[in-house]
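The values are calculated or read from the model by the stated rules, or taken from the named source; none is laboratory data. Keep in mind the model is a prediction, meaning the values are calculated, not measured. No Cβ is skipped: glycine too gets one built from the backbone with ideal geometry, and neighbour counts run over all protein chains shown. To get the accessible areas, we keep the full protein, side chains included, count just its heavy atoms, and leave off ligands, DNA and RNA. Shrake-Rupley method; radii C 1.70, N 1.55, O 1.52, S 1.80 Å.
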Amino acid sequence: MNNWWKKATVYQVYPRSFKDTNNDGIGDIRGIIEKLDYLEKLGIDLLWITPMYVSPQKDNGYDISDYYQIDPLYGTMADFEELVQEAEKRKIAIMMDMVLNHTSTEHQWFKEARKSRNNPYRDFYFWQDPKPDGTPPNNWKSRFGGTAWKYDEATGQSYLHSFDESQADLNWENEAVRKECGKILAFWAKKGIKGVRLDVVNLLSKTPGLPDDPIVGPTGDGRTHNVDGPKIHQYLHELNQQVFGPMQLVTVGEMSSSTPEECVLYSQEEREELSMIFSFYHMKADYQDNAKWTNEPFSLAKLKQSQSLLQQKMHEGNGWNALFYSNHDQPRALSRFGDDRIYRQESAKMLAITLFGQQGTTYIYQGEEIGMTNAYFSTIEEYRDPESLNAYRELLASGVSDREALIILQLKSRDNARTPMQWDDSKYQGFSAVEPWLVVNNNQISAEKELKDPNSIFYTYQRLIAYRKMFPVFTEGDYRLLDEEHSELFCYERTCNQEKLLVISNFTRKNVAYQLPSDYKTAEILESNYGRKQVEAAFQLKPYESLMIYQK
Ligand code: GLC
Ligand code: CA
């Protein structure tokens, strides 16, 4: 099999915030086309675009009401086809985002389903009677807060929604649902896309009967019965046989809270399920006892442990990782794990080096390559994301003060990463000529500046993307965490035949002394965020200094 995507780098576009060309304040497909040269220059291979299908936009497109059409907000099908062709000319393949766990409640299937209990589409979704005391059918929680059930007057039953109440979960036990989803995937594959990112795909199979979650506490939200459910591997294998395999699609599944063992099963090549997975354990390095909406400082120990565990397990089990520090659902990694003020350049490069040395396919989220930072909105009115708005309400209801709730949102809200892309220094940073849908971060950072500076973050990424194609150790090497107990450094080593790669990253503002392992005395420095040219037996690492060292 041709696993070209193992050496590839994927760039994620959140179209709403990428580039607006018709001046309605919302990014569009023509905006993506306009920036293809920029992406080609960066050197990326695949472009993952978050959903652009017809949608009421309650969750920015993750609530789909028609899978076969482009939402006019973003353009037309002709624009999309042009994008596929123009990207291909630049050797960039398109990866579409597919949401198959739920549809919008505006989708035709759901509109039918809610009409009566014996409508043929009823069984496309999960409907249950409320408990005799009027409470929801079970104790599952929505990922966006509150119960996962919504009572529907018309038929006197409730439907399951693992996310917003406008996103009804599809019943994958129903073969007709599985067939329809296969058809949707084949339709887009025929349009010439080369990849799909499968939204919350580990939730597709639920324990039959939908029993209560026995766990009490933040993880007792239903995940015992809706994550990695009994038939999930069967469903993915079926899709693989029907579509992914025959259409040669690269696939990545979003696997929040799947164990490393499950991640291996999803992505082992011979099992023919998915090409790779996103795991999220390392995104909990600033959670307090698994709870996201807390003001908890980031723990380097947790980041190292979670990433290293997955690196090792996936290597041993022959699974494949999707490597990322940022996406549209996470605050900016630079603000989270680095220093986005005094050492912005240094820490952005340090994070890039730390991630790109690991095993897996690398992902860059728009703006990461120019060091964009959190939005740090100071009022609740600036937020748009339903998850953040719910969290704010719940925080206040639980007794947290308004000030503290706003601080927590500044640290954790998804809107931090959704502010418009900063292209230049003009009023709306070159994103649009009118006021954008979400406040622009006016902080002097721009792609234009990055491109002019040969020492910029952008060119660090450009080189890292290239190294991954040049040296087999990046794709094939095993992984060993070094100096495990060190509280300031993240160091690891990759080995493959004669090749060795050593990554040393200082995650603090302090100078840190470091002894180079003796087998790297004649090694070459591939990448340094302080312009170091030669290895030394002992280093004084500067604040957020990072080195990528190669030995053959
Ligand atoms: C995924 C998406 C997120 C969305 C959710 C519901 O986690 O990445 O943006 O809100 O699924 O579809
Ligand atoms: Ca637009």
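General remarks:
- For a label point 7 Å along the Cα-to-beta-carbon line of residue 451, residues of segment 410-424 with backbone N under 14 Å: 422-424
- Alpha-carbon centroid distance for the pair segment 56-84 / segment 122-196, whole angstrom: 21
- Once the C-beta distance of residue 216 and residue 426 is scaled by a Förster radius of 51 Å, the resulting FRET efficiency is 0.45 to the nearest 0.05.
- Shape metrics for segment 477-551, restricted to C-alpha atoms - Rg then Dmax, Å: 11.6, 36
- Directionally averaged shadow of the chain, computed from the convex hull of its alpha-carbon atoms, nm²: 24.5
- Label point distance in nm, residue 69-residue 497, each placed 7 Å from Cα along Cα→Cβ: 5.4
- Charged neighbours of residue 297, selected by a Cβ distance under 12 Å, balance to 0 (K, R count +1; D, E count -1).
- When only Cα pairs below 8 angstrom with a gap of at least 6 residues are kept, segment 257-401 shows a relative contact order of 20 percent.
- At the residue level, residue 4 shows approximately 100 square angstrom of accessible surface with a 1.4 angstrom probe and all protein chains present.
- Dipole of the chain [Lys/Arg +1, Asp/Glu -1 at C-beta], most positive-end residue of 395, 99, 299: 299
- Take every pair of alpha-carbon atoms less than 8 Å apart whose residues are at least six positions apart; their mean separation over the length of the chain yields a relative contact order of 13 percent.
- Near-label residues of segment 293-335 by backbone N, under 15 Å of a point 7 Å along Cα→Cβ of residue 509: 298, 335
- 3J(HN,Hα) along segment 127-132, derived from phi through the Karplus expression 6.51 cos²θ - 1.76 cosθ + 1.60 where θ = phi - 60°, amounts to 10, 9, 6, x, 5, x Hz, with x in place of Gly and Pro.
- Relative packing of peptides 43-53, 243-253 - highest average C-beta neighbours within 10 Å first: 43-53, 243-253
- Contact order relative to length of segment 175-319, as percent, for alpha carbon pairs under 8 angstrom and 6 or more apart: 21
- Gain in span if fully extended, residue 261 to residue 434, counting 0.36 nm per residue against the direct Cα distance: 57.5 nm
- Put 451, 198 in order of accessible area, highest first, and with a 1.4 Å probe you get 451, 198.
- Per-residue extension of 0.36 nm, minus the Cα-Cα distance of residue 398 and residue 521, leaves a gain of 38.7 nm for this segment.
- Added length on full extension, which subtracts the Cα-Cα distance from 0.36 nm per residue, residue 237 to residue 302: 20.1 nm
- Accessible surface of segment 29-72 [probe 1.4 Å, protein heavy atoms]: carbon and sulfur percent: 45
- Loop-resident trypsin sites (Lys or Arg not before Pro) (DSSP state other than H, G, I, E or B) in segment 49-137 with no more than 14 further Cβ atoms inside 10 Å of their Cβ: 90, 91, 115, 117.
- With the convex hull drawn over the C-alpha atoms of segment 189-290, the volume per residue is 109 Å³.
- In a DSSP loop and with at most 15 other Cβ atoms within 10 Å, the trypsin sites (Lys or Arg not before Pro) in segment 139-221 are 191.
- For the pair segment 343-404 / segment 268-312, the C-alpha centres are spaced 16 Å from each other.
- If you plug the beta carbon distance of residue 268 and residue 469 into 1/(1 + (r/R0)^6) with R0 = 22 Å, you get a FRET efficiency near 0.40.
- Share of carbon and sulfur in the accessible area of segment 175-319 stands at 52%, probe radius 1.4 Å.
- Cβ-derived FRET efficiency at R0 45 Å, residue 24 paired with residue 536, nearest 0.05: 0.25
- Within the chain, longest stretch free of exposed GluC sites (Glu not before Pro) [DSSP loop, at most 11 other beta carbons within 10 Å]: 1-484
- Rounded to the nearest 20 debye, the dipole size of segment 441-552 about its Cα centre is 360 debye, using +1 on the Cβ of Lys and Arg and -1 on the Cβ of Asp and Glu.
- Placing +1 on the Cβ of every Lys and Arg and -1 on the Cβ of every Asp and Glu, with no other charges, gives segment 175-319 a dipole of roughly 520 debye about its Cα centre.
- Evaluating 6.51 cos²θ - 1.76 cosθ + 1.60 at θ = phi - 60° for every residue in segment 320-333, the Karplus couplings come out as 9, 8, 9, 8, 8, 10, 9, 7, 6, 9, 10, x, 5, 4 Hz, glycine and proline recorded as x.
- Restricting the trypsin sites (Lys or Arg not before Pro) of segment 310-344 to loop positions (DSSP other than H, G, I, E, B) with no more than 16 neighbouring Cβ atoms within 10 Å leaves 341.
- 439, 99, ranked by accessible area, largest first (probe 1.4 Å): 439, 99
- Accessible surface, per residue, of the chain when the full set of protein chains is kept, probe 1.4 Å, Å²: 38
- Rounded to whole Hz, the Karplus (6.51, -1.76, 1.60) HN-Hα couplings of segment 368-373, x for glycine and proline: 5, 6, 10, x, 5, 10
- Under the simplified labelling scheme, the residue 41-residue 86 pair shows an inter-label distance of 1.6 nm, with each label point 7 Å from Cα along Cα→Cβ.
- Area of residue 496 that stays accessible when all protein chains are in place (1.4 Å probe, Å², to 10): 10
- Shown for segment 477-551: the carbon plus sulfur share of the solvent-accessible area, taken with all protein chains present and a 1.4 angstrom probe, equals 42%.
- Put simply, the amide H of residue 541, placed in the peptide plane, has neighbours under 5 Å in 512, 513, 514, leaving out anything fewer than 5 places away on its chain.
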